[in-house]
Amino acid sequence: MTFLFEGFLEGLQMVFQGNPAVYNAAWVTLKVSFGSTLIASLIGLPLGYFLASSSFRGKGFFTVLLQTFLGFPTVVIGLLVYGFLSRRGPFGFADLLFTPSGIVIGLVILAFPITTMFTMTAVSGIDPRAREMALTLGASRQRTAWTLFKEVRFGLISALLASFGRVASEVGIAIMLGGNIEGYTRTLTTAIALESMKGEFGFGIALGLVLLTLIFITALLSRYVQKL
Amino acid sequence: MKSYSLILSILLYGFLVSSVAAYERLKLATTTSTANSGLLNYLNPVFEEKSGVRVDAIAVGTGKALKLGQNGDVDVMLVHAREAEETFIQEGHGVNRKDVMYNDFIIVGPASDAAGINGMDDVILALRKISEKSSLWFSRGDDSGTHKKEMILWKESAISPSGNWYRGLGQGMGKTLLAADEKGAYTLTDRGTFIALSTGNKIGLIILSEGDSRLFNPYGAIAVNPERHPYVKYKLAMKYINFLTSTEGQSLIARFRMKGKILFHPHNGS
Amino acid sequence: MSRNFKDALIELEGIKLGFQQRLILDVEQLQISQGGLTVLTGANGAGKTSLLRVMAGLQESDQGKIRFKGDTVSYGSQGLEHRRKVSMLQQEPYLFSGSVLKQVCYGPISHGLNQGIEEKARQALEAVGCLGLVNRHTRQLSGGEKKRIAYACLLALDSELLLLDEPTAQVDQESSEKIRKLIQMQLDAGKTLVVSTHQPEWAKPLKPRLCMLEYGRIVSDTRWN
């Protein structure tokens, strides 16, 4: 027990003393998590809306495809994106491997099924009269979509928060595509993986505490939004 | 609708701005033990200051580091696996290999030392004893520089280690040492990782055999062949390699201390 | 019954609408002249609401054509023009989350107006006797209030053709009166209205044209004098 306890104390110390390595990692985590959540939302919100409100031939198929993406093992995502971004791959010229942007690409693939699904569910739950009200009052299709989004805005915010929480906790993709470069692509999660490997338990705890705090804040916000 | 276009424009702008990156970046593949020693955190800032180039150190096993170079995913490598490096150059993946520094490997194990190898200068004899006694031995088993060195030593002792006592973990050096500590096993490790872990009583293993010249661990820096991969930053890679082998770089290496102990020896004397 | 094409505001021809195996609508011919009241009546499920929705451009029929002032009406994105000429009051209106004022302004803003929107909204709210509710949140309204606000939305738009789906359903005698008065006001202003109700008695004083529907078909078409 003392081992855990000491590690915990050491970790707390590092957090409150503003240990730069810890906060650098936190900054990288925030950057890539925000970036990927934003892009995943820009994809997921319109896509989810579209899937929920249209009925076309292949709709069932696309839904199954989405479910598959949702359950995709993250190491496979990391592997595939690595193949694409590697200098030998088709996008090698873009020099994205081992950069934060590379991580974001992988995280977007992880997150967009989440935002799409959440949006699809939220929009499907909208009273069909709402759409008709907008249309009959003369709103264009885009204005109608925007109005419906506002009606389920809390569901959509939950989508964003769920997505953020997921990508902030991701390790595999971040290591494979980022290379865990200190101060550049070392996130809280990849740093923990590294530190535990080095046997630096206290430092790992410090990182873990910061990460947990982030996730906790995300969960709090989500709950707050739901209650509105 | 308007807000949507606004968001898109901000994103696009952000993307464009970030693409016009602030610094030039050089990708360096190195081994986990090198990165964990803290040497790069000591050396690289000096280089970055002088050249304005950011060095991105990606720490993986030696095998992977060379593979990254082979694929052109990095620009330069700093590794310690002489044979593999030679093959690498011969196959045309890398150019301009330079000796940078050396440190050494040591055999560590539990204080109880069931195989009785403590103080043995001859590492081959020590390994033979361990094999005879079937004492628990943990190997890296991951194609890393340390692992390659280990296999060369076994070969020289004319032993093909196998059996219950010999376990390949497929983990990094730190984890392997932690595991060896838990289970009371012998293992081959680089001095740096050992110093890092043993200071502060994180593990109870002790050094049992050291000093044999066969435990010598030379480090080489290799630039990725620009003819194979036109996108690599060859000029920057050479700049870095030249820095490492310059008087300044070499004296920095000599002055580096880990937990107060000397770890690396510059190739060009000190 | 006028068959004069020049007068017809909206014409339906050969409209068929099915759902699963049933035929919900089967209207051979229906012409609504400009400036009058048509009451659609019939039992629940007879197709009144569906007919209104088809006329409003909210529901595409499986077969048939609609013409508005002689021009064919298309559904989908081209239907926007049509939807800006015709508005429908839902049986149980859905109001968007926000203030009542915002809700009533929604229509005019959607139509692309930029001036005098709030004026129009307030006037409409006054006409339905709900000016006091102007800053109330739509969540906090009773069923009857919602209906009146929804009516105000239509008033603020000034559409040529108004479709009201069961405007007096679940509404007390007094409010029924008020609604009749409102409808009369609009008729006096030259608007065209089509109203559905399963109990047409309240509309009698307005002397409307009465179309009775049964299983999606118009079975009688008379004038109440």
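The values are calculated or read from the model by the stated rules, or taken from the named source; none is laboratory data. What you are looking at is a predicted structure, and each value in this text was computed from that prediction instead of being measured. When we count neighbours, we look across all protein chains shown, and the Cβ atoms used for this are built from the backbone with ideal geometry, even at glycine.
Yes/no matrix, rows are residues, columns are (1) in a helix (DSSP H, G or I); (2) within 28 Å of C:ALA46 (Cα to Cα); (3) outside the structural domain of C:MET185 (by TED's automatic domain parsing):
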position: C:LEU101; (1), (2), (3): yes, no, yes
position: C:GLY107; (1), (2), (3): yes, no, yes
position: C:LYS120; (1), (2), (3): yes, no, yes
position: C:ALA124; (1), (2), (3): yes, no, yes
position: C:ASN135; (1), (2), (3): no, no, yes
position: C:LYS147; (1), (2), (3): yes, yes, yes
position: C:ALA150; (1), (2), (3): yes, yes, yes
position: C:LEU154; (1), (2), (3): yes, yes, yes
position: C:THR168; (1), (2), (3): no, yes, no
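Hey, among B:ALA29, B:ALA35, B:ALA57, B:ALA126, which residue is touching a Gly at 6+ places or on another chain (Cβ under 8 Å) and either farther than 30 Å from B:TRP165 by Cβ or outside any strand (DSSP E or B) (or both)? Give the steps one after another, and end with the answer.
Values: B:ALA35 fails: touching a Gly at 6+ places or on another chain (Cβ under 8 Å); B:ALA57 fails: touching a Gly at 6+ places or on another chain (Cβ under 8 Å); B:ALA126 fails: touching a Gly at 6+ places or on another chain (Cβ under 8 Å).
Just a single option satisfies the conditions, and that option is B:ALA29.
How many residues are touching a residue at least 24 places away in the same chain (Cβ under 8 Å), over 20 Å from B:THR34 (Cα atoms), out of contact with any helix residue (DSSP H, G or I) (no Cβ under 7 Å at 6 or more places or on another chain) and more than 14 Å from chain A (Cβ to nearest Cβ) when one looks only at the stretch B:147-199?
10
Quick check on my filter: what residues within the stretch B:110-138 are of a type in the set (Gly, Ala, Ser) and touching a helix residue (DSSP H, G or I) at 6+ places or on another chain (Cβ under 6 Å)?
B:ALA115
I'm told C:GLN140 meets every condition in (1) under 15 Å from C:GLN90 (Cα atoms); (2) more than 14 Å from chain A (Cβ to nearest Cβ) except one. Can you identify the failing condition by its number?
If we test C:GLN140 against (1) under 15 Å from C:GLN90 (Cα atoms); (2) more than 14 Å from chain A (Cβ to nearest Cβ), just (1) comes out false.
Out of the residues in the stretch C:99-115 that are over 13 Å from C:ASP158 (Cα atoms) and at pLDDT below 90, which is nearest to the chain's Cα centre (by Cα)?
C:GLY112
Determine the pairs where a residue that is assigned to a helix (DSSP H, G or I), located within the stretch A:2-19, has a partner that is β-branched (Val, Ile, Thr) with Cβ atoms under 6 Å apart, the partner being 6 or more residues away or on another chain.
Correct list of pairs: A:GLY7/A:ILE205; A:PHE8/A:ILE205; A:GLY11/A:ILE205; A:MET14/A:VAL22.
Six or more apart or on different chains, Cβ atoms under 7 Å: show the pairs whose first residue is in the stretch A:86-105 and facing another protein chain (nearest Cβ under 7 Å) and whose second is surrounded by 23 or more Cβ atoms within 10 Å (Cβ to Cβ) and in a loop (DSSP other than H, G, I, E, B).
Listed pairs, sorted by first residue: A:SER86/A:LEU97; A:SER86/B:ASP73; A:ARG87/B:ASP73; A:LEU97/B:ASP73; A:PHE98/A:GLY179; A:PHE98/A:ILE181; A:PHE98/A:THR185.
Among the residues of the stretch A:135-193, how many are among the basic types (Lys, Arg) and touching a residue at least 12 places away in the same chain (Cβ under 8 Å)?
So in the stretch A:135-193, the residues among the basic types (Lys, Arg) come out as A:141, A:143, A:150, A:153, A:166, A:186.
Filter once more, keeping what is touching a residue at least 12 places away in the same chain (Cβ under 8 Å): A:166, A:186.
Qualifying residue count, the stretch A:135-193: 2.
With A:LEU160, A:LEU188, A:LEU177 as the choices, which residue is out of contact with any strand residue (DSSP E or B) (no Cβ under 6 Å at 6 or more places or on another chain), farther than 22 Å from B:ASP56 by Cβ and more than 9 Å from every other protein chain (Cβ to nearest Cβ)?
A:LEU160
Within the stretch B:60-69, can you find the residues that are more than 9 Å from every other protein chain (Cβ to nearest Cβ), out of contact with any strand residue (DSSP E or B) (no Cβ under 6 Å at 6 or more places or on another chain) and not in a loop (DSSP other than H, G, I, E, B)?
Correct list: B:GLY63, B:LYS64, B:LEU66, B:LYS67.
Taking the stretch C:144-197 as the search range and keeping residues that are among the small types (Gly, Ala, Ser) and crowded, with 18+ Cβ neighbours inside 10 Å, which one is modelled with the lowest pLDDT? Full working, then the answer.
So in the stretch C:144-197, the residues among the small types (Gly, Ala, Ser) come out as C:144, C:150, C:152, C:156, C:159, C:169, C:175-176, C:189-190, C:196.
If we keep only those that are crowded, with 18+ Cβ neighbours inside 10 Å too, we end up with C:150, C:152, C:156, C:159, C:196.
Numbers: C:ALA150: 93, C:ALA152: 93, C:ALA156: 92, C:SER159: 88, C:SER196: 94.
By that ranking, first place goes to C:SER159.
Given the residues A:ALA174, A:ALA219, which is the only one that is within 28 Å of A:PRO20 (Cβ to Cβ) and surrounded by fewer than 18 Cβ atoms within 10 Å (Cβ to Cβ)?
Going through A:ALA174, A:ALA219 in turn, just one is within 28 Å of A:PRO20 (Cβ to Cβ) and surrounded by fewer than 18 Cβ atoms within 10 Å (Cβ to Cβ): A:ALA219.
In the stretch A:92-147, how many are of a type in the set (Val, Ile, Thr), surrounded by fewer than 23 Cβ atoms within 10 Å (Cβ to Cβ) and more than 17 Å from the chain's Cα centre (by Cα)?
4
Which one of the conditions (1) touching a Lys or Arg at 6+ places or on another chain (Cβ under 7 Å); (2) within 13 Å of another protein chain (Cβ to nearest Cβ) does B:ILE222 fail to meet, given that it meets all the rest?
Result: B:ILE222 fails condition (2) only.
Go through (1) surrounded by 14 or more Cβ atoms within 10 Å (Cβ to Cβ); (2) under 24 Å from A:PHE164 (Cβ atoms) and name the single condition A:LEU12 misses.
Going through (1) surrounded by 14 or more Cβ atoms within 10 Å (Cβ to Cβ); (2) under 24 Å from A:PHE164 (Cβ atoms) one by one, A:LEU12 breaks only (2).
Return the residue satisfying two criteria in turn: it lies in the stretch B:216-239 and is crowded, with 19+ Cβ neighbours inside 10 Å and more than 17 Å from the chain's Cα centre (by Cα), and of such residues it is nearest to B:ILE152 (Cα to Cα).
Step one: filter the stretch B:216-239 for residues crowded, with 19+ Cβ neighbours inside 10 Å, giving B:217, B:219-225, B:229, B:232-234, B:236-237.
Subset that is more than 17 Å from the chain's Cα centre (by Cα): B:224-225, B:229, B:232-234, B:236-237.
Numbers: B:VAL224: 26, B:ASN225: 28, B:HIS229: 32, B:VAL232: 32, B:LYS233: 34, B:TYR234: 32, B:LEU236: 34, B:ALA237: 30 Å.
Residue satisfying both the conditions and the ranking: B:VAL224.
Scan the stretch C:183-192 and give yes if some residue there is part of a strand (DSSP E or B) and either charged (D, E, K, R) or out of contact with any Lys or Arg (no Cβ under 7 Å at 6 or more places or on another chain) (or both), otherwise no. Outline the logic, then answer.
Here is the first cut: in the stretch C:183-192, the residues part of a strand (DSSP E or B) are C:192.
Still in the running and either charged (D, E, K, R) or out of contact with any Lys or Arg (no Cβ under 7 Å at 6 or more places or on another chain) (or both): C:192.
Yes, the stretch C:183-192 contains at least one residue that is part of a strand (DSSP E or B) and either charged (D, E, K, R) or out of contact with any Lys or Arg (no Cβ under 7 Å at 6 or more places or on another chain) (or both).
If you take the residues in the stretch B:40-59 that are over 20 Å from B:MET238 (Cβ atoms) and touching a helix residue (DSSP H, G or I) at 6+ places or on another chain (Cβ under 8 Å), which one is nearest to the other protein chains (Cβ to nearest Cβ)? Don't jump to the end; show me each part of the working.
Initial filter on the stretch B:40-59 (over 20 Å from B:MET238 (Cβ atoms)): B:41-42, B:59.
Going one step further and asking which of them are touching a helix residue (DSSP H, G or I) at 6+ places or on another chain (Cβ under 8 Å), we end up with B:42, B:59.
Working: B:TYR42: 13, B:ALA59: 7 Å.
Step by step, filter the stretch B:40-59, then rank; the result is B:ALA59.
Of all residues being without any contact (Cβ under 8 Å) to a residue 60 or more places away in the chain and under 20 Å from the mean Cα position of the chain (by Cα) in the stretch A:194-213, which is farthest from the other protein chains (Cβ to nearest Cβ)? Just the residue, please.
Quick first cut of the stretch A:194-213, residues without any contact (Cβ under 8 Å) to a residue 60 or more places away in the chain only: A:194-200, A:212-213.
Pick out the ones that are also under 20 Å from the mean Cα position of the chain (by Cα) and you get A:212-213.
Numbers: A:LEU212: 23, A:THR213: 26 Å.
Applying the filter and picking the extreme gives A:THR213.
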